[in-house]
Amino acid sequence: VQIFHKNKYIVDACYDGESGLDSALSGIYDIVILDVMLPGMNGLDATRIIKEINHNTPVIALSAYAFEENIREAKEAGCDEFMAKPFKVEDLIDMVSKYLNQ
């Protein structure tokens, strides 16, 4: 979260799938970043619901599981991007900027 504040982004952080989904559906967000392995509802299930409600909101999936099958599942769930952990902070900022500076 700190990295985004330093780059002048306003961030809401949630720590499980249900609260992340509630936030994404109750607010207006330019982008959603979800870990795939969230407690409770996982990030892919949350993405499916988010995309049903607002298919234009970009979703970036983060996961330490980065095999082709995992990436395919994320894309099938509606994720626009997939980033494998660990990642460089600069790469995440670049990916977010790609969607916010369109």
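Points to keep in mind about this one:
- Any chance GLU52 is exposed (fewer than 14 other Cβ atoms within 10 Å of the Cβ) and in a helix (DSSP H, G or I): yes
- Leading residue by the ranking (farthest from the chain's Cα centre (by Cα)) among those in segment 55-81 that are open to solvent by 30 Å² or more (accessible area, probe 1.4 Å) and hydrophobic (A, V, I, L, M, F, W, C): PHE67
- Flag for ILE60 being modelled with pLDDT of 95 or more and either assigned to a strand (DSSP E or B) or at positive phi (or both): yes
- Verdict on ASP94 being under 12 Å from the mean Cα position of the chain (by Cα), of a type in the set (Asp, Glu) and either surrounded by 15 or more Cβ atoms within 10 Å (Cβ to Cβ) or outside any strand (DSSP E or B) (or both): no
- Filtered by the rule that a residue be of a type in the set (S, T, N, Q) and outside any loop (DSSP other than H, G, I, E, B), segment 8-49 gives SER19, SER23, SER26, THR47.
The values are calculated or read from the model by the stated rules, or taken from the named source; none is laboratory data. Worth saying up front: this structure is predicted, and the values here are computed from it rather than measured. A quick note on method: Cβ atoms are made from the backbone with ideal geometry, for glycine too, and the neighbour counts reach across all protein chains shown. In case anyone asks, the SASA skips ligands and DNA or RNA and just uses the protein heavy atoms, side chains included. Shrake-Rupley method; radii C 1.70, N 1.55, O 1.52, S 1.80 Å.
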